[in-house]
Amino acid sequence: MPRIFDNIDQPLLPALQQTLETATHADFCVGYFNLRGWRGLGSYIENWNGGEGECCRS
């Protein structure tokens, strides 16, 4: 079942952080993403090697 994050009752950042703890790559498809939001995700992504299969795409 899909989850809806409204950042009031259901905050998005903790859910993304929990998912990225075990992820090896990520794809983000967003219409608008405030770049300050990367502060909360950067420490999870910066350790990936990059390249095919170990990168972050947005």
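On the stretch given as the range 3-23, residues that are part of a loop (DSSP other than H, G, I, E, B) and of a type outside the set (Ser, Thr, Tyr) total 11. Checking each residue in the range 1-43 for being in contact with an Asp or Glu (Cβ under 7 Å, 6 or more places away or on another chain) and not β-branched (Val, Ile, Thr) picks out only HIS25. For the range 24-58, the set of residues classified as assigned to a strand (DSSP E or B) and surrounded by 11 or more Cβ atoms within 10 Å (Cβ to Cβ) consists of ALA26, CYS56, listed by residue number. Sub-9 Å Cβ pairs linking a first residue in the range 2-23 that is farther than 30 Å from GLY50 by Cβ to a second residue that is modelled with pLDDT under 90 and assigned to a helix (DSSP H, G or I), at least 6 apart or interchain, are ASP6/LEU12, ordered by first then second residue.
The values are calculated or read from the model by the stated rules, or taken from the named source; none is laboratory data. Because the structure is predicted, anything quoted here is derived from the model rather than measured. Here the Cβ is made from the backbone with ideal geometry for all residues, glycine too, and neighbour counts use every protein chain on show.
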